[in-house]
Amino acid sequence: MDKQIIDLKEVKKLSADDLFKVFTTGGNGLSGMEAERRLQAYGPNQIIEKKKNPIIKFLLNFWGPIQWMIEAAAIISLVIGRLEDFAIIVTLLLINVLVKFFQENKASNAIELLKRKLSPSARVKRDGKWLEVNARELVPGDVIRIRLGDIIPADVKLIEGRYMEVDQAVLTGESLPVEKHAGDVGYSGAIVRKGEMDALVVATGMDTYFGKTARLAEKIGAPSHFQKAVVKIGDYLIMVTLLLVLLVSIVEVLRGHDVLSILEFALVLTIAGVPVALPAVLSVTMAVGAMALAKKEAIVSKLVAIEEMAGMDILCADKTGTITQNLISVAGVAPFGSHDEKNAILYAALASREEDKDPIDLAIIKKTRESKELDVATSLYAVSDFLPFDPVSKRTEARVAKGGVAFRVTKGAPQMIVALCGDNTKAWAAEHTEEFARKGYRTLGVAKSGDEGQWDFVGLISLHDPPREDSKDTIDTARSMGLDVKMITGDHVDIAKEIAREVGMGTNIQPQTAIVDTPDEKAADIVEKADGFAEVFPEHKYRIVGLLQKRGHIVGMTGDGVNDVPALQKADAGIAVAGATDAAKSAASIVLTLPGISVIIDSIKESRKIFRRMISYSIYRMGETIRLVFFVTASIIIFNFYPITALMVVLLALLNDFPIMAISYDNVLYSKKPERWNMRTLLGVSTALGLFGVLASFSLLYIGLNIFHLNHDVLQSFIYLKLSVAGHLFLFVARTRGPFWSVKPSPILLIAVILTQLTATIITVYGILLPAMGWGLALFVWGYAFIWFLTTDVLKLLIYSVLEKEKVTLM
């Protein structure tokens, strides 16, 4: 069919049958071929973000304070007749911009790929069968099922089901969920808080209410605290550099030197001191890290999570599906009164629905099919109405009929089922529930309505969900990384204790009552000391996170349901586990695609590696600025001597960006403890090593003047090669906490350093662009730089041991 757009006002007026005719569809949905034709006509069901023109994006790389200084230096070189300098500065600027443009473009594409992986799925009826498809593939005319926790994937007309409660605040500003019934319209982007209904898709993508109002979801890339701190470092370096450059300029003007030459040198010295590659290094490192996490089956939806995961010291982990396998099976049945085991299984199966793929429902249905008698008995009943699981009532309910006799059945949390049936079942249910719990079994209550509508308790069904095989080893690994894992579950305390014992966790599992109506200070003490909490509701999860945060902890929280959204948003690192609802995924900062706690631990390791790369860059950038700018400033002011030319400074500043970019791909070891921003250590290490580098430069200057008796031009090439070679050797010092050989550099970093330093050596040896000095002096510089490199590495170990007051290990 051709593309057909119907205004939502018309959709509200038309009945479901009228809309079926408009979209030439029916209760069995579209055929696969027709859906494909419509996808071609309407396009994918997605909000198209306006992208910046790539040419404009490229040209913007020439705009900004740092770029202006480089461009000003080029213009001044042209004005004073240094055409060679002008050509080289412009060429190097172009190369730098091209590298930055392509690296950032690569980073942007990587993040776009991750966003696509987070695209929600939808349950759609095609050719009369329910299928799970990517929401991007929905078309007008599709019949879909919307459940608790879903984000409505398109504008829809609700056609079947009792009711839903929908949170559409992001679209309409309504603060409370809105109740929807058959005949109402549901908006794309709204969250289903309660209920389940079938619906007809009437608009997709940019044709939806959401698309037309251009209310885009939060974009990936919000700056983290760490990124902000690194930017502050950049501001600090710019301020220090500008002060020193201003001092040099004033001194040189008072000495009567040419103003334009002074200005040119001042500009390029500023370029050398400020962190030119800072934005590119940050964006590329974070994007590369996000892709590495994706390979670990953890998709980053908010890049800020990378820092938070690196610093996380407490993980509040769901029991079911994270510590356990979420492979639920029926372990046993305890019938009540005159009922037998078959009754309990039968009525529980009637209160289950297979197409919802709920693990408990599937376990009950599987148990039913193991008995031919039960399987046949179940097929004799007709289900006329079904209420899916509600996290508030904690039960499902169905209205069934057989032979003209109708009644209701329900299954759910034992305490909720007992509350329906009266006090006479309370003691019996509590006794059997505790008995099952001591074996590590969850319990399900089952009830049936009697002739007068009252509920009749049928019995209890125990469910077994064994621990994952890797949980014990993974929790041991977490402890060795300084991470405290706390189990959070809605199950009975005894169940939690048994599972905790099996996986080697502590068994100090507290009921949620331990912190309810307890003052914050006392409750925080309880939470810190506990190994976990049982019988929790979503509001308890939220409070647990808040209490831990007040004590200075960085907290991770796992969740999968719509009611977990507040806790996921509150946590420093909200983690949506495998199989989570769309609402939980949208609230989380990390989305797992595989079950189990090992995925989370792998993600933490990877995040700590990313944090290490950022630390390496920070130490290198700060130390290198001090080494270069302090040396040049002191040489000019104290000795009235320019140790390098403006062109040499530009070569140092721009050529060095190639290896700096490669830091994003460097090999690092993750820290054995949570990472925290330690400005004292960072400033102490970078400043001390930078000043040590200044000493090395002055020592070589003395050798060049008084031992080799070099003329001024050759001496500048001599000093330039030392600054270039020593600068990149310093990168190998900065990238490790232990000796430089403790972590092998990545091939891309090693190749980048080798190529740039070969270039620097060749142009100084043969006099390309710079005065020639020959192989003899070049080899001396290499040997000299390597000896100081080894000495600097030893000094680094001593500085770390003093600042952190601990023995330095080979990490």
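Is it the case that some residue within region 253-275 is at pLDDT below 85, hydrophobic (A, V, I, L, M, F, W, C), in a helix (DSSP H, G or I) and in contact with a strand residue (DSSP E or B) (Cβ under 6 Å, 6 or more places away or on another chain)?
So far as region 253-275 goes, no, none of its residues is at pLDDT below 85, hydrophobic (A, V, I, L, M, F, W, C), in a helix (DSSP H, G or I) and in contact with a strand residue (DSSP E or B) (Cβ under 6 Å, 6 or more places away or on another chain).
Filter region 765-781 down to the residues that are assigned to a helix (DSSP H, G or I) and surrounded by 18 or more Cβ atoms within 10 Å (Cβ to Cβ), then identify the one that is nearest to the chain's Cα centre (by Cα).
Of region 765-781, the ones assigned to a helix (DSSP H, G or I) are 765, 774-781.
Add one more test, that the residue is surrounded by 18 or more Cβ atoms within 10 Å (Cβ to Cβ), and what stays is 765, 777-778, 780-781.
Details: VAL765: 48, LEU777: 50, ALA778: 47, PHE780: 48, VAL781: 45 Å.
Checked region 765-781; the qualifying residue nearest to the chain's Cα centre (by Cα) is VAL781.
Which of the residues that make up region 136-149 are hydrophobic (A, V, I, L, M, F, W, C) and modelled with pLDDT of 85 or more? Walk me through how you get there before you give the answer.
Just the residues of region 136-149 that are hydrophobic (A, V, I, L, M, F, W, C), to begin with: 138-139, 143-144, 146, 148.
Listed by number, the residues that qualify are LEU138, VAL139, VAL143, ILE144, ILE146.
Look through ALA344, ALA419, ALA401 and report the one residue that is part of a strand (DSSP E or B) and farther than 22 Å from ARG147 by Cβ.
Details: ALA344 fails: part of a strand (DSSP E or B); ALA419 fails: part of a strand (DSSP E or B).
The conditions single out ALA401.
Identify all residues within region 380-398 that are free of Cβ contacts under 8 Å to residues at least 40 places away in the same chain and assigned to a loop (DSSP other than H, G, I, E, B); write none if there are none.
LEU380, TYR381, SER393, LYS394
Select the helices (runs of 4 or more DSSP H) contained entirely in region 625-718, then report the ones holding at least 2 residues which are at pLDDT below 80.
On the way: elements: 631-639, 646-655, 657-662, 679-706.
Correct list: 646-655, 657-662, 679-706.
If a residue must be surrounded by 16 or more Cβ atoms within 10 Å (Cβ to Cβ) and under 42 Å from the mean Cα position of the chain (by Cα), how many such residues does region 420-471 contain?
First, the residues of region 420-471 that are surrounded by 16 or more Cβ atoms within 10 Å (Cβ to Cβ): 420-421, 425, 428-429, 432-433, 435-437, 440-449, 455-465, 467-468, 471.
After this cut, where a residue has to be under 42 Å from the mean Cα position of the chain (by Cα) as well, the list is 433, 435-437, 440-446, 460-465, 467-468, 471.
Counting residues in region 420-471 that are surrounded by 16 or more Cβ atoms within 10 Å (Cβ to Cβ) and under 42 Å from the mean Cα position of the chain (by Cα) gives 20.
Go through (1) in contact (Cβ under 8 Å) with a residue 60 or more places away in the chain; (2) under 24 Å from LEU700 (Cβ atoms) and name the single condition PHE780 misses.
Going through the list (1) in contact (Cβ under 8 Å) with a residue 60 or more places away in the chain; (2) under 24 Å from LEU700 (Cβ atoms), PHE780 breaks only (1).
For GLY506, indicate whether it is at pLDDT below 90, outside any strand (DSSP E or B) and surrounded by fewer than 21 Cβ atoms within 10 Å (Cβ to Cβ). Before you say what the answer is, go through the steps one by one.
Working: at pLDDT below 90: yes; outside any strand (DSSP E or B): yes; surrounded by fewer than 21 Cβ atoms within 10 Å (Cβ to Cβ): yes.
Against the criterion (at pLDDT below 90, outside any strand (DSSP E or B) and surrounded by fewer than 21 Cβ atoms within 10 Å (Cβ to Cβ)), GLY506 qualifies.
Is it true that some residue in region 796-806 is over 22 Å from ASP666 (Cβ atoms) and outside any helix (DSSP H, G or I)?
Yes, region 796-806 contains a residue that is over 22 Å from ASP666 (Cβ atoms) and outside any helix (DSSP H, G or I).
Here are some residues: GLU675, GLU624. Which one is touching a Phe, Trp or Tyr at 6+ places or on another chain (Cβ under 8 Å) and more than 30 Å from ALA696 (Cα to Cα)?
Step by step, each of GLU675, GLU624 is checked, and only GLU675 is touching a Phe, Trp or Tyr at 6+ places or on another chain (Cβ under 8 Å) and more than 30 Å from ALA696 (Cα to Cα).
For region 443-494, give me each residue that is farther than 19 Å from GLN325 by Cα, in a loop (DSSP other than H, G, I, E, B) and either in contact with a helix residue (DSSP H, G or I) (Cβ under 6 Å, 6 or more places away or on another chain) or not hydrophobic (A, V, I, L, M, F, W, C) (or both).
Passing the criteria: GLY450, ASP451, GLU452, GLY453, GLN454, GLY482.
Tally time: how many residues in region 195-242 are of a type outside the set (Gly, Ala, Ser), at pLDDT 80 or above and in contact with a Leu (Cβ under 7 Å, 6 or more places away or on another chain)?
6
Considering only residues that are farther than 18 Å from ASN326 by Cα and not charged (D, E, K, R), which ones fall in region 340-361?
Selection gives ASN343, ALA344, ILE345, LEU346, TYR347, ALA348, ALA349, LEU350, ALA351.
Condition check: modelled with pLDDT under 90, assigned to a strand (DSSP E or B) and β-branched (Val, Ile, Thr). Does VAL133 satisfy that?
Details: modelled with pLDDT under 90: yes; assigned to a strand (DSSP E or B): yes; β-branched (Val, Ile, Thr): yes.
Taking the combined requirement at face value, the residue satisfies it.
Restricting attention to region 287-325, which residues are charged (D, E, K, R), at pLDDT below 80 and more than 13 Å from the chain's Cα centre (by Cα)?
Taking region 287-325 first, the residues charged (D, E, K, R) are 295-297, 302, 307-308, 313, 318-319.
Filter once more, so that each one left must be at pLDDT below 80: 295-297, 302, 307.
Once the filter is applied, which keeps residues that are charged (D, E, K, R), at pLDDT below 80 and more than 13 Å from the chain's Cα centre (by Cα), region 287-325 yields nothing.
Which is under 28 Å from ARG193 (Cα atoms) and of a type in the set (A, V, I, L, M, F, W, C), of LEU380, LEU460, LEU387, LEU346? Outline the logic, then answer.
Working: LEU380 fails: under 28 Å from ARG193 (Cα atoms); LEU460 fails: under 28 Å from ARG193 (Cα atoms); LEU346 fails: under 28 Å from ARG193 (Cα atoms).
Only one candidate passes the filter, namely LEU387.
Return the residues of region 347-394 that are in contact with a Phe, Trp or Tyr (Cβ under 7 Å, 6 or more places away or on another chain) and at pLDDT below 90; say none if nothing qualifies. Lay out the reasoning, then the answer.
Narrowing region 347-394 to residues in contact with a Phe, Trp or Tyr (Cβ under 7 Å, 6 or more places away or on another chain): 350, 353, 355, 358.
Selection gives ARG353, GLU355, ASP358.
Search region 569-584 for residues being surrounded by 23 or more Cβ atoms within 10 Å (Cβ to Cβ) and over 14 Å from MET312 (Cβ atoms), and hand back the single one that is nearest to the chain's Cα centre (by Cα).
ALA576
Restricting attention to region 181-204, which residues are part of a loop (DSSP other than H, G, I, E, B), more than 32 Å from the chain's Cα centre (by Cα) and either crowded, with 22+ Cβ neighbours inside 10 Å or free of Cβ contacts under 8 Å to residues at least 24 places away in the same chain (or both)? Please lay out each step first, then the result.
Step one: list which residues in region 181-204 are part of a loop (DSSP other than H, G, I, E, B), which gives 181-184, 187-190, 196, 204.
In the following step, the residues that additionally are more than 32 Å from the chain's Cα centre (by Cα) were identified as 181-184.
HIS181 - this is the single residue of region 181-204 that is part of a loop (DSSP other than H, G, I, E, B), more than 32 Å from the chain's Cα centre (by Cα) and either crowded, with 22+ Cβ neighbours inside 10 Å or free of Cβ contacts under 8 Å to residues at least 24 places away in the same chain (or both).
Can you pull out every residue in region 519-553 that is surrounded by fewer than 21 Cβ atoms within 10 Å (Cβ to Cβ), part of a loop (DSSP other than H, G, I, E, B) and modelled with pLDDT under 90?
GLU535, PHE537, GLY552
Here's a check for you: in region 730-753, which residue that is of a type outside the set (A, V, I, L, M, F, W, C) and assigned to a helix (DSSP H, G or I) is nearest to GLY623 (Cα to Cα)?
Of the residues in region 730-753, the ones of a type outside the set (A, V, I, L, M, F, W, C) are 735-739, 742, 744-747.
With the extra rule that they be assigned to a helix (DSSP H, G or I), the set shrinks to 742, 747.
Details: SER742: 21, PRO747: 24 Å.
Among those residues, the one meeting the criterion is SER742.
Taking region 1-18, which residues are closer than 21 Å to LEU30 by Cα and at pLDDT 80 or above? Talk me through it step by step, then tell me what you get.
First, the residues of region 1-18 that are closer than 21 Å to LEU30 by Cα: 1-6, 11, 14-18.
Listed by number, the residues that qualify are VAL11, LEU14, SER15, ALA16, ASP17, ASP18.
Could you check region 585-611 and list, in sequence order, the residues that are within 10 Å of the chain's Cα centre (by Cα), within 21 Å of LYS541 (Cβ to Cβ) and assigned to a helix (DSSP H, G or I)?
Of everything in region 585-611, just one residue is within 10 Å of the chain's Cα centre (by Cα), within 21 Å of LYS541 (Cβ to Cβ) and assigned to a helix (DSSP H, G or I), namely SER603.
The values are calculated or read from the model by the stated rules, or taken from the named source; none is laboratory data. Since this is a predicted model, take the numbers as computed values, not measurements. Heads up, the Cβs are rebuilt from the backbone with ideal geometry, glycines too, and the neighbour counts pull from every protein chain shown.
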